[in-house]
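S.K.: Could you have a look at this structure, given as structure tokens, before my questions?
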Amino acid sequence: MNGRTRYRTVVLSDIHLGSEFSKVAEVSDFLSRIDCEKLIFNGDTIDGWQLQKDDNAFWGAEHSRFFRIIMKMVEKHGTEVYFLRGNHDDFLDKIIPMAMGKLSILKDMILESGGLRYFVTHGDVFDSITSNMKWMAKLGDVMYNLLLKINVMYNRLQSWRGKPYYSFSQAIKNKVKKAVSNASDFDKMLTDMARTKGCQGVICGHIHRPEDRMIDGIRYLNSGDWVETMSALAEDWSGEWKILMYKEL
């Protein structure tokens with residue numbers, strides 16, 4: 001396998017292609033290191049909000065490489081690829097559901113794993129601010145991108161002073177997302193929906209925080225993001241799931 005690690009299923013979310021801060025080179029490198037039967041992009045793969053702003057859109061050769069790697073996985077290894085809709089790529093609403101060979105574009109899906117059923121969804125529909133106050137969600141997106149710009153300058157200074165990298169933008173976002181999650185019972189609503197659908201687990205993204213925990217008997221898995229944490233979920237051949245961190249590869 002040329003040193004490539006093989007999994008049954010790999011899930012990534014919140015890559016935000018088109019955003020200045022998307023780690024497209026890193027996610028492309030990650031994908032070039034693995035093989036899998038199923039590859040699920042669980043929402044916000046393409047950042048349509050940023051691409052609508054010509055002055056803030058970033059799209060180049062590395063983005064094309066990202067899609068070439070995916071197509072190579074389909075052609076050479078028969079990987080089934082699923083793109084699920086998120087709030088930043090809500091333009092997919094116009095075409096879902098759609099299937100072309102081993103490529104599918106869906107709103108959400110049910111995944112069989114280790115004898116259990118998992119409800120796979122981006123999760124934005126369970127975020128009260130994203131669902132009910134889109135203008136506030138977009139304002140939050142602008143503020144987050146501003147924090148990321150400041151974070152770059154801050155860590156250049158940190159590096160010059162010989163200090164370690166610190167992401168205060170991620171720390172602030174984690175606190176905000178946690179507050180929003182608590183306010184809207186984000187994770188509880190997701191696990192309740194999974195139970196309603198006859199599933200024993202839920203796999204989501206959206207809040208940019210990788211997690212693996214049990215909530216009222218339902219397994220809650222979050223794949224994180226490829227803006228700062230650079231994380232993914234992977235299922236092995238026995239149906240066991242774990243969080244993969246790119247920085248640890």
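S.K.: Out of all the residues in region 86-115, which are in contact with a Gly (Cβ under 6 Å, 6 or more places away or on another chain) and open to solvent by 30 Å² or more (accessible area, probe 1.4 Å)?
M.R.: Answer for region 86-115, where residues must be in contact with a Gly (Cβ under 6 Å, 6 or more places away or on another chain) and open to solvent by 30 Å² or more (accessible area, probe 1.4 Å): Phe91, Gly114.
S.K.: Give me the residue from region 116-129 that is under 17 Å from the mean Cα position of the chain (by Cα) and open to solvent by 20 Å² or more (accessible area, probe 1.4 Å) and, out of that set, modelled with the lowest pLDDT.
M.R.: Per the criteria, the residue is Phe126.
S.K.: Of all the strands (runs of 3 or more DSSP E) wholly in region 187-247, which have at least 3 residues that are hydrophobic (A, V, I, L, M, F, W, C) and under 18 Å from Glu26 (Cα atoms)?
M.R.: On the way: elements: 201-204, 211-215, 218-222, 231-235, 241-245.
Those strands (runs of 3 or more DSSP E) span 231-235, 241-245.
S.K.: Still on this structure: Ile70 is checked against (1) under 19 Å from the mean Cα position of the chain (by Cα); (2) free of Cβ contacts under 8 Å to residues at least 24 places away in the same chain and fails just one. What number does that condition carry?
M.R.: Only one criterion is unmet by Ile70, namely (2).
S.K.: Turning to a different aspect of this structure: Hey, can you tell me all the residues within region 224-243 that are open to solvent by less than 10 Å² (accessible area, probe 1.4 Å), modelled with pLDDT of 95 or more and not acidic (Asp, Glu)? Talk me through it step by step, then tell me what you get.
M.R.: So the first thing to find is which residues in region 224-243 are open to solvent by less than 10 Å² (accessible area, probe 1.4 Å), and the list is 224-227, 231-235.
Narrowing further to those that are modelled with pLDDT of 95 or more: 224-226, 231-235.
Matches in region 224-243: Gly224, Trp226, Ser231, Ala232, Leu233, Ala234.
S.K.: For region 210-221, how many residues meet the condition of being touching a Ser or Thr at 6+ places or on another chain (Cβ under 8 Å) and open to solvent by less than 50 Å² (accessible area, probe 1.4 Å)?
M.R.: Counting residues in region 210-221 that are touching a Ser or Thr at 6+ places or on another chain (Cβ under 8 Å) and open to solvent by less than 50 Å² (accessible area, probe 1.4 Å) gives 4.
S.K.: So, one more: Say whether the condition of being out of contact with any Lys or Arg (no Cβ under 9 Å at 6 or more places or on another chain), under 18 Å from Leu111 (Cα atoms) and crowded, with 20+ Cβ neighbours inside 10 Å is met by at least one residue in region 16-37.
M.R.: Within region 16-37, none of the residues are out of contact with any Lys or Arg (no Cβ under 9 Å at 6 or more places or on another chain), under 18 Å from Leu111 (Cα atoms) and crowded, with 20+ Cβ neighbours inside 10 Å.
S.K.: How about region 194-208: which of its residues are crowded, with 18+ Cβ neighbours inside 10 Å and either at pLDDT 95 or above or touching a strand residue (DSSP E or B) at 6+ places or on another chain (Cβ under 6 Å) (or both)?
M.R.: Ala194, Cys199, Gly201, Val202, Ile203, Cys204, Gly205 - these are the residues of region 194-208 that are crowded, with 18+ Cβ neighbours inside 10 Å and either at pLDDT 95 or above or touching a strand residue (DSSP E or B) at 6+ places or on another chain (Cβ under 6 Å) (or both).
S.K.: Between a first residue in region 5-23 that is under 19 Å from Trp49 (Cα atoms) and a second residue that is of a type in the set (Gly, Ala, Ser) and surrounded by fewer than 24 Cβ atoms within 10 Å (Cβ to Cβ), which pairs have beta carbons less than 8 Å apart while being 6 or more apart in sequence or on different chains?
M.R.: Pairs found: Gly18/Gly48; Gly18/Ala57.
S.K.: Please go through (1) under 24 Å from Ser113 (Cα atoms); (2) open to solvent by 10 Å² or more (accessible area, probe 1.4 Å); (3) in contact with a Gly (Cβ under 9 Å, 6 or more places away or on another chain) for Arg6 and return the number of the only condition it doesn't satisfy.
M.R.: Evaluating Arg6 over (1) under 24 Å from Ser113 (Cα atoms); (2) open to solvent by 10 Å² or more (accessible area, probe 1.4 Å); (3) in contact with a Gly (Cβ under 9 Å, 6 or more places away or on another chain) leaves (3) as the failure.
S.K.: Does region 215-239 hold any residues that are more than 25 Å from His88 (Cβ to Cβ) and touching a helix residue (DSSP H, G or I) at 6+ places or on another chain (Cβ under 9 Å), and which are they?
M.R.: Ile215, Asp216, Gly217, Ile218, Arg219
S.K.: Then there is this: Hey, any hits in region 172-179 for a residue that's over 24 Å from Ser19 (Cα atoms), open to solvent by 10 Å² or more (accessible area, probe 1.4 Å), part of a helix (DSSP H, G or I) and modelled with pLDDT under 95? Even if it seems obvious, please write down each step before you answer.
M.R.: Taking region 172-179 first, the residues over 24 Å from Ser19 (Cα atoms) are 179.
Filter again for open to solvent by 10 Å² or more (accessible area, probe 1.4 Å), leaving 179.
Imposing the further condition that a residue be part of a helix (DSSP H, G or I) reduces the set to 179.
Narrowing further to those that are modelled with pLDDT under 95: 179.
Yes.
The values are calculated or read from the model by the stated rules, or taken from the named source; none is laboratory data. Note that this is a predicted model, so its numbers are computed, not measured. Note: ideal-geometry Cβ built from the backbone for every residue, glycine included; neighbour counts use all protein chains shown. Only protein heavy atoms, including side chains, enter the accessible area calculation; ligands, DNA and RNA are left aside. Shrake-Rupley method; radii C 1.70, N 1.55, O 1.52, S 1.80 Å.
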